[in-house]
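S.K.: The structure's right below; bear with me while I get my questions together.
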Amino acid sequence: MRTISYLDAIKEAMREEMERDGNVIQLGEDIGLHGGAFGVTRGLFQQFGCERIIDTPIAEGTIVSCAIGAAITGLRPVAELMFIDFSTLAMDQICNQAAKMRYMLGGQVQIPMVIRFPEGSGYKGTAAQHSQCLEAWYAHVPGLKVVLPSNPYNAKGLFKAAVRDNNPVIFIEQKTLYGMKGQVPDGDYTVSIGKSQVAREGRDVTVVTYAYMTKVALELAEKLAAENISLEVIDLLTVKPLDIEPVVESVKKTGRLVVAHEACKTCGVGAEVSALVNELAFEYLDAPIQRIGARDVPIPFNYPEERAAIVNESEIREAVLRIR
């Protein structure tokens, strides 16, 4: 084990997968010499060259289209779109082509591709068109897998699993996490797509979350432990397919559920988790389910307004105390 950053864990996974399999390529805007908008691909161009680290025009639809074609013909492309907000320019390619082609052709082709998006506000004034969390959009589309790693360990393992998957995987990186450090094995391993994890065991309230909010929930759990309130934190890791069984088992133990995510509350992943728990474990609930999400407003550029629009630790704390 070594301690490395979330960003370096993804970069290490990229390098190892490209060394392992010559069919793995990457394409996107400024990912070559520049190393990507956040530096995730920095250094890979020098090792693998322009035939495998491919700089593209500023054309998201074209990037995804090229990745689909490459996947059909036997390569394993990783397409980077600079921000998840820009994926709206490639919705037809992602949702009507990549997600459906294997089904429409009766399994005659596979689409082994990864599409990487940074998302989230980042608390850096990136404003309304660079700060959204849109995972619920893609979770709604049959044929896509949607993963959101929450720490360096599962960032590396999930990326490797995504590259090796024979279906299109949406790989979402919360940009505030890029500097987060954690222990990561020096070597090959994968983290299973479609499996939730109990990030912290507890007895009083279940908190279900993913990505950056997992970090927030774990920090809150540590503080509440000093007040003799025990949180069980479930990290979904994958929102499509959604592994609800660990959530149900936790609710059976605690009788109380808080679901928190950075995305807007309305029609978010929290609504789906809440509905499934209501269907599968209603009789175990001792209090109403609490959903925590961002306000239904575009993310402001102004810092105080940005802070007011997004989810913070105190909101999760208040939700826990309401039902405790």
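The values are calculated or read from the model by the stated rules, or taken from the named source; none is laboratory data. All values reported here derive from a predicted model rather than from experimental measurement. No Cβ is skipped: glycine too gets one built from the backbone with ideal geometry, and neighbour counts run over all protein chains shown. Side chains included, ligands, DNA and RNA excluded: accessible areas come from the protein's heavy atoms. Shrake-Rupley method; radii C 1.70, N 1.55, O 1.52, S 1.80 Å.
S.K.: Collect the residues in the stretch 200-222 that are farther than 17 Å from I323 by Cα, free of Cβ contacts under 8 Å to residues at least 60 places away in the same chain and either open to solvent by less than 70 Å² (accessible area, probe 1.4 Å) or basic (K, R) (or both), keeping them in residue-number order. Even if it seems obvious, please write down each step before you answer.
M.R.: Pass one, the stretch 200-222, residues farther than 17 Å from I323 by Cα: 200-201, 209-216, 218-219, 222.
Now restrict to residues that are free of Cβ contacts under 8 Å to residues at least 60 places away in the same chain: 200-201, 209, 218, 222.
Hits for the stretch 200-222 are R200, T209, L218.
S.K.: Go through (1) crowded, with 19+ Cβ neighbours inside 10 Å; (2) under 16 Å from L236 (Cβ atoms) for L276 and report which single condition fails.
M.R.: (1)
S.K.: OK, next. Spot the failing condition for R324; the list is (1) open to solvent by less than 30 Å² (accessible area, probe 1.4 Å); (2) in contact (Cβ under 8 Å) with a residue 24 or more places away in the chain, and only one is missed.
M.R.: (1)
S.K.: Something else about it: Only one of A199, A225, A221 is out of contact with any Ser or Thr (no Cβ under 9 Å at 6 or more places or on another chain) and at negative phi; which? Walk me through how you get there before you give the answer.
M.R.: Working: A199 fails: out of contact with any Ser or Thr (no Cβ under 9 Å at 6 or more places or on another chain); A221 fails: out of contact with any Ser or Thr (no Cβ under 9 Å at 6 or more places or on another chain).
None of the others qualify; the one that does is A225.
S.K.: A further question follows. Considering A271, A287, A225, which residue is in the same structural domain as I310 (by TED's automatic domain parsing) and within 19 Å of the chain's Cα centre (by Cα)? Walk me through it before giving the result.
M.R.: Numbers: A287 fails: within 19 Å of the chain's Cα centre (by Cα); A225 fails: within 19 Å of the chain's Cα centre (by Cα).
Within the list A271, A287, A225, the selection yields A271.
S.K.: Then there is this: Would you mind finding the one in I58, I63 that is of a type in the set (V, I, T) and under 24 Å from K160 (Cα atoms)? If you could, list the steps in order and put the result at the bottom.
M.R.: On the way: I58 fails: under 24 Å from K160 (Cα atoms).
Result of the check over I58, I63: I63.
S.K.: Which residue is most open to solvent (accessible area, probe 1.4 Å), if the candidates are limited to the stretch 98-114 and must be among the hydrophobic types (A, V, I, L, M, F, W, C) and more than 13 Å from I172 (Cα to Cα)? Outline the logic, then answer.
M.R.: Our first condition is that a residue be among the hydrophobic types (A, V, I, L, M, F, W, C); within the stretch 98-114, this holds for 98-99, 101, 104-105, 109, 111, 113-114.
Those still in the list that are more than 13 Å from I172 (Cα to Cα) too: 98-99, 101, 104-105, 109, 111, 113.
Values: A98: 1, A99: 3, M101: 39, M104: 146, L105: 75, V109: 27, I111: 1, M113: 0 Å².
Checking each candidate, the answer is M104.
S.K.: Any chance you could count how many residues in the stretch 252-269 are under 20 Å from E318 (Cβ atoms), free of Cβ contacts under 8 Å to residues at least 60 places away in the same chain and outside any strand (DSSP E or B)?
M.R.: 4
S.K.: Does N302 meet the test of being more than 23 Å from the chain's Cα centre (by Cα) and either open to solvent by less than 80 Å² (accessible area, probe 1.4 Å) or more than 25 Å from K252 (Cα to Cα) (or both)? So that I can check it myself, show each step before the final result.
M.R.: Working: more than 23 Å from the chain's Cα centre (by Cα): yes; either open to solvent by less than 80 Å² (accessible area, probe 1.4 Å) or more than 25 Å from K252 (Cα to Cα) (or both): yes.
Spelling it out, N302 is indeed more than 23 Å from the chain's Cα centre (by Cα) and either open to solvent by less than 80 Å² (accessible area, probe 1.4 Å) or more than 25 Å from K252 (Cα to Cα) (or both).
S.K.: While we're on this one: When T238 is evaluated against the numbered criteria (1) modelled with pLDDT under 95; (2) closer than 28 Å to V64 by Cα, which criterion, by number, is the only one it fails?
M.R.: (1)
S.K.: Given the condition free of Cβ contacts under 8 Å to residues at least 24 places away in the same chain and more than 19 Å from T41 (Cβ to Cβ), answer yes or no: does some residue in the stretch 142-162 qualify? Walk me through how you get there before you give the answer.
M.R.: To start, the set of residues in the stretch 142-162 that are free of Cβ contacts under 8 Å to residues at least 24 places away in the same chain comprises none.
Within the stretch 142-162, none of the residues are free of Cβ contacts under 8 Å to residues at least 24 places away in the same chain and more than 19 Å from T41 (Cβ to Cβ).
S.K.: Let me ask something else about it. So, in the stretch 115-138, of the ones that are open to solvent by 20 Å² or more (accessible area, probe 1.4 Å) and either among the aliphatic types (A, V, I, L, M) or in the same structural domain as D235 (by TED's automatic domain parsing) (or both), which residue ends up farthest from R307 (Cα to Cα)?
M.R.: This residue is A136.
S.K.: Against the definition (farther than 24 Å from A225 by Cα and open to solvent by 80 Å² or more (accessible area, probe 1.4 Å)), how does D296 come out, yes or no? Lay out the reasoning, then the answer.
M.R.: Values: farther than 24 Å from A225 by Cα: yes; open to solvent by 80 Å² or more (accessible area, probe 1.4 Å): yes.
Answer is yes for this residue.
S.K.: Can you pull out the strands (runs of 3 or more DSSP E) entirely within the stretch 1-97 that have at least 1 residues that are open to solvent by 10 Å² or more (accessible area, probe 1.4 Å), within 28 Å of G179 (Cβ to Cβ) and not aliphatic (A, V, I, L, M)? Write out each step before concluding.
M.R.: Values: elements: 2-5, 24-28, 53-55, 76-80.
Filter on the stretch 1-97 gives 2-5, 53-55, 76-80.
S.K.: Could you please find all residues in the stretch 160-190 being farther than 14 Å from A211 by Cα and open to solvent by less than 10 Å² (accessible area, probe 1.4 Å)?
M.R.: K160, A162, V163, P168, V169, V184
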